[in-house]
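Trainee: This structure is in structure tokens; I'll ask about it shortly.
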Amino acid sequence: MLVTVVGGGVAGSAAAIALRRIGADVTVYEAYDDPAGPVGSYVSLAVNGLRALGALGCLRQVQSAGFPVARQRMWSGRGKLVGDVARGRRPEDSLHSVTLMRADLVSVLRATAREAGARIVAGQRLDGAPGPRTADADLIVGADGIWSATRHALDPAAPRPSYAGLYSVSGTSGTVPPGLPRDGFNWIFARHGVFIFLPVPDGTVWWTAQVAAPEPPPDPSAIGLAELSRLFSTEPQAAAVLRTATAVRTANLGHVLKPVTHRHRDRIVLIGDAAHPVGAGQGASIALEDAIILARHLAAVTPDATPRALAAFDRERQPRAGKLARMETSNRDAKTAGPIAARMREMIMPRVFDRCYEKATRWLYDFDPGMLPAPATTVQANGEFALASDEIPQTDCPVGI
């Protein structure tokens, strides 16, 4: 099977690995040379994403590129702890959520894809429409994100992203301010949105300000430390982190997408944010799941039955992605709540959040995308392939975030 993958980010690079593992001939076209793409911030992977990385054979590399985060703490704007739960995992999971720079995650995935035999052509943009570079492809995988051109080649009437009422600014601070937690993923419900800070093992702090704004800022590049300090001046923890800031990235507008109704046709399929931008801290993990499950469905049929495999893949994935999209809507509403709702949250969350969280997220973190054929690395004297023992994905290893 000849496969063209449009987009070489998390979804596209993971798809290249998975499709090579079932014997496909894969070429990936990516518009950006930089693995970070247009957004150079950090990403987190929950236990379901780690299971997917285990199936792809690059879990250890990703763990080495990032650091584990055991707890997620929720704080009111006044500094009151309103929730403290295991981050992206069941409490009993022995491995923890991994946070790393997006560029490092993509770099690991691209390196693994190349080692598997995929070709990655960076700096070339495809739109998913029939053309010289897709004419011979048996399958076109649209992994080109929320602004997917492949989605519109598939359906010219497909929805387009719209502003979500939030914009994000990420940065780094040089030290953990006195009195603040020195670990964990810390989420502050603020007057003007949400402020997240994450102490890093090297002593610095990674942070993101998610600002609620009914209209997008006219010049996102003009939003700097002074404006953020003004917006979060009433939240002492956020203000303390911003006072030690050493780097601030350009603001990134948040977008939402109405449900995509045409996600596959004939030899074209959408995965990741191109099909279902889920948010809720699960974008990368869901993209990794998509890649594995797509490959498993394709491995079960002959090439002439590809449309049937794509339909089966979509039927399996859409209910889960839809449920996550609804969760993200609730999260977004919480970030834009007014002062009365914020006060109610401060009163209610300490009583119910910790007790309800595990039950409410069990369906998310217990998911296992299954295994792929293990990569053959050596040839024995009898001509059969043998596997290097440290490359065999283990289904019984404890994986958690």
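The values are calculated or read from the model by the stated rules, or taken from the named source; none is laboratory data. Everything numeric here is computed off the predicted structure, so don't read it as measured data. As a convention, Cβ positions derive from the backbone with ideal geometry for all residues, glycine included, and neighbour counts pool all protein chains shown. SASA here: full protein model, heavy atoms, side chains in, ligands and nucleic acids out. Shrake-Rupley method; radii C 1.70, N 1.55, O 1.52, S 1.80 Å.
Trainee: Given labels modelled 7 Å from the Cα in the Cβ direction, how far is it in nm from residue 363 to residue 230?
Mentor: 4.3 nm
Trainee: Counting only complete DSSP H runs, which helices of the chain cover 15 Å or more along their long axis at the Cα atoms and score a mean Kyte-Doolittle of 0.0 or above?
Mentor: Membrane-span-like by this rule: 10-21, 102-116, 283-299.
Trainee: Once amide H atoms are placed 1.01 Å from N in the peptide plane, what residues at a sequence separation of 5 or more from residue 42, or on another chain, have their amide H within under 5 Å of its amide H?
Mentor: 102
Trainee: Give a residue-ordered list of calculated ³J(HN,Hα) values for region 173-181 (Karplus: 6.51 cos²θ - 1.76 cosθ + 1.60, θ = phi - 60°; whole Hz; x for Gly, Pro).
Mentor: Residue by residue, region 173-181 yields 10, x, 7, 7, x, x, x, 9, x Hz.
Trainee: Out of residues 5 or more away from residue 71 or on other chains, whose amide H comes under 5 Å of its own, with H placed 1.01 Å from N in the peptide plane?
Mentor: Under 5 Å from the amide H of residue 71: 87, 184, 185.
Trainee: Ok, one more. Quick one: accessible area per residue over region 238-278, 1.4 Å probe, rounded to a whole number of Å²?
Mentor: On a per-residue basis, region 238-278 sits at 47 Å².
Trainee: I need to check one value: relative contact order of the chain, counting alpha carbon pairs closer than 8 Å and at least 6 residues apart, in percent.
Mentor: Relative contact order here is 25 percent.
Trainee: Continuing with the same structure: So what does residue 121 come to for accessible area, using a 1.4 Å probe and Å² rounded to 10?
Mentor: Here the residue's solvent-accessible area equals roughly 40 Å².
Trainee: Would you grab the residues whose amide H sits under 5 Å from the one on residue 90? Only those 5+ places off in sequence or on another chain, please, with H modelled 1.01 Å from N.
Mentor: Here the answer is 401, since their amide H atoms fall under 5 Å of that of residue 90.
Trainee: Let me ask something additional. Testing the spin-label approximation: label points 7 Å from Cα along Cα→Cβ at residue 191 and residue 261. State their distance in nm.
Mentor: 4.4 nm
Trainee: Now, a different point. Calculate the dipole size of region 126-233 relative to its Cα centre from +1 charges on Lys and Arg beta carbons and -1 charges on Asp and Glu beta carbons; express the result in debye to the nearest 20.
Mentor: 400 debye
Trainee: Run the helix sum for the chain: -39,500 (n - 2.57) per DSSP H stretch of 4+ residues, divided by residue count, reported at 222 nm to the nearest 500 deg cm²/dmol.
Mentor: -11000 deg cm²/dmol
Trainee: State, to one decimal in nm, how far the label point of residue 219 lies from the label point of residue 41, with both points 7 Å from Cα in the Cβ direction.
Mentor: So the label points at residue 219 and residue 41 sit 2.2 nm apart.
Trainee: Taking all protein chains in place and a 1.4 Å probe, what share, in percent, of the accessible surface of region 32-146 do carbon and sulfur account for?
Mentor: Taking all protein chains in place, region 32-146 shows 50 percent carbon and sulfur surface.
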